[in-house]
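The values are calculated or read from the model by the stated rules, or taken from the named source; none is laboratory data. Small disclaimer: the values here were computed from a predicted structure and weren't measured. Cβ sites come from the backbone with ideal geometry, for glycine too, and all protein chains shown count toward neighbours.
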Ligand SMILES: Nc1ncnc2c1ncn2[C@@H]1O[C@H](COP(=O)(O)OP(=O)(O)OP(=O)(O)O)[C@@H](O)[C@H]1O
Ligand SMILES: [Mg+2]
């Protein structure tokens, strides 16, 4: 299998890049792929705690690119899943501690040993972003169904295209189908019409994400989590399986059924 | 009123349509201003075409996007110095 370097980005902060990276990486590893998660959010590292690996960090990405340690020493092996690794960000430096050129070399070195190299990008469009996309073959753009998030996603897609990444795919995160149904949230079609890029998947708003982040266990490990199920589907799609994008929905509540009946009566 | 609209399933009672419309408008501006070349290139091209028909004040041409009520317009202000005399057939 040819290895792929995929950057997970969004422009706007806090829309779910790190959550998406952790869950897709874990899910791919559960399907026996060799996966490394690279945290490029230098100064604000988080992927380690979301993965529950924070206590095992010795070296970080800056140590690796500066030759303070070997690449193998910087990688943390996840004991839960064969083949899953994390390269943590540095916490005490800033985004200029590494360069796009170094990032490119790093991802190329990682290609030797991994099927998927998932790069968790920091928010913003400055050097942290440029570092994160430097070695990428493809990009996953994460957006929430809100005006500001979709607007930033549009800007990011433009910047990715300018950098030669023309096949970005969209993950819509934190969709609330109840709000969509009552006309108070943009739906997937609205967002796709506006951004005109391919849809990779839709992840519902789900309290399980908070619980799993508390525990340091990605939601894909929890079979009952709806967000986890959505991420597992996305991972299968990344493996080339053709499965329909949206198949989750909240159970219809009484109010919605009542509304439907009224609609039919009109 | 709101609750009645919702009960009857009139979707436009919600804020979704507003969001979609605002996003559409803001992205027209964003996309145009992100490439600073876009308006300049357009301006150059306009000058080239119009010069064929009339004498214009090329220095004081203004080409810009302007917000109308719920649309964005391309507004060009092109001062005319004079018309070329139509050639006698
Ligand atoms: N589908 C979801 N349902 C509920 N909560 C979610 C969901 N996705 C993400 N969150 C929560 O949203 C918050 C932000 O998520 P996350 O840290 O993944 O975003 P980010 O894009 O990486 O942020 P930053 O830009 O700061 O790096 C977290 O508290 C996370 O638990
Ligand atoms: Mg993050």
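Note on region A:155-173: residues that are crowded, with 24+ Cβ neighbours inside 10 Å and more than 16 Å from the chain's Cα centre (by Cα) total 0. In region A:60-72 there is no residue matching the filter, namely being buried (at least 19 other Cβ atoms within 10 Å of the Cβ), closer than 19 Å to residue A:218 by Cβ and touching a helix residue (DSSP H, G or I) at 6+ places or on another chain (Cβ under 7 Å).
Filtered by the rule that a residue be more than 16 Å from ligand 2 (Cβ to nearest atom) and closer than 13 Å to residue A:163 by Cα, region A:94-144 gives A:100, A:130, A:134, A:135, A:136, A:137, A:138. Condition check for residue A:10 on (1) within 16 Å of ligand 2 (Cβ to nearest atom); (2) within 21 Å of residue A:211 (Cβ to Cβ): one failure, at (2). Scanning region A:134-143 for residues that are surrounded by fewer than 23 Cβ atoms within 10 Å (Cβ to Cβ) and under 22 Å from residue A:231 (Cβ atoms), we see that the one that is farthest from the other protein chains (Cβ to nearest Cβ) is A:137. Of the helices (runs of 4 or more DSSP H) lying entirely inside region A:35-126, those containing at least 3 residues that are more than 14 Å from ligand 1 (Cβ to nearest atom) and either closer than 26 Å to residue A:12 by Cβ or within 14 Å of another protein chain (Cβ to nearest Cβ) (or both) span A:100-111. Taking residue A:28, is it under 27 Å from residue A:206 (Cα atoms), away from ligand 1 (no atom under 16 Å from the Cβ), assigned to a helix (DSSP H, G or I) and in contact with a strand residue (DSSP E or B) (Cβ under 7 Å, 6 or more places away or on another chain)? When the stated conditions are applied, residue A:28 passes them. Among all positions in region A:174-193, there is no residue which is within 14 Å of the chain's Cα centre (by Cα), surrounded by 22 or more Cβ atoms within 10 Å (Cβ to Cβ) and either away from ligand 1 (no atom under 11 Å from the Cβ) or modelled with pLDDT of 95 or more (or both). Read through the list (1) modelled with pLDDT of 90 or more; (2) surrounded by 11 or more Cβ atoms within 10 Å (Cβ to Cβ), then give the number of the only condition that residue B:63 fails. So residue B:63 meets the others, but not (1). Are any residues in region B:3-38 at pLDDT below 60 and more than 10 Å from every other protein chain (Cβ to nearest Cβ), and if so, which ones? Those that are at pLDDT below 60 and more than 10 Å from every other protein chain (Cβ to nearest Cβ): B:3, B:4. Can you find a residue in region A:83-101 that is surrounded by fewer than 22 Cβ atoms within 10 Å (Cβ to Cβ), touching a residue at least 12 places away in the same chain (Cβ under 8 Å) and within 19 Å of the chain's Cα centre (by Cα)? Scanning region A:83-101, I find at least one residue that is surrounded by fewer than 22 Cβ atoms within 10 Å (Cβ to Cβ), touching a residue at least 12 places away in the same chain (Cβ under 8 Å) and within 19 Å of the chain's Cα centre (by Cα), so the answer is yes.
Does region A:139-153 contain at least one residue that is closer than 19 Å to residue A:36 by Cβ, at pLDDT 95 or above and either in a loop (DSSP other than H, G, I, E, B) or touching a helix residue (DSSP H, G or I) at 6+ places or on another chain (Cβ under 9 Å) (or both)?
First pass over region A:139-153, keeping only residues closer than 19 Å to residue A:36 by Cβ: A:139-140.
From what's left, at pLDDT 95 or above: A:139-140.
Checking which are either in a loop (DSSP other than H, G, I, E, B) or touching a helix residue (DSSP H, G or I) at 6+ places or on another chain (Cβ under 9 Å) (or both) leaves us with A:139-140.
Taking every residue of region A:139-153 in turn, at least one turns out to be closer than 19 Å to residue A:36 by Cβ, at pLDDT 95 or above and either in a loop (DSSP other than H, G, I, E, B) or touching a helix residue (DSSP H, G or I) at 6+ places or on another chain (Cβ under 9 Å) (or both).
Scanning region A:165-203 for residues that are within 14 Å of another protein chain (Cβ to nearest Cβ) and in a loop (DSSP other than H, G, I, E, B) yields A:176, A:182, A:183, A:184, A:185, A:186, A:187, A:196, A:197.
From the list A:132, A:136, the one residue that fits, being farther than 30 Å from residue A:185 by Cα, at pLDDT 95 or above and within 16 Å of ligand 1 (Cβ to nearest atom), is A:132.
In region A:22-33, what count of residues is obtained for those that are in contact with a helix residue (DSSP H, G or I) (Cβ under 6 Å, 6 or more places away or on another chain) and within 16 Å of ligand 2 (Cβ to nearest atom)? Explain how you work it out, then say what you get.
Going through region A:22-33, the residues in contact with a helix residue (DSSP H, G or I) (Cβ under 6 Å, 6 or more places away or on another chain) turn out to be A:22-24, A:26-28.
Narrowing the set further to residues that are within 16 Å of ligand 2 (Cβ to nearest atom) leaves A:22-24, A:26.
Number of matching residues: 4.
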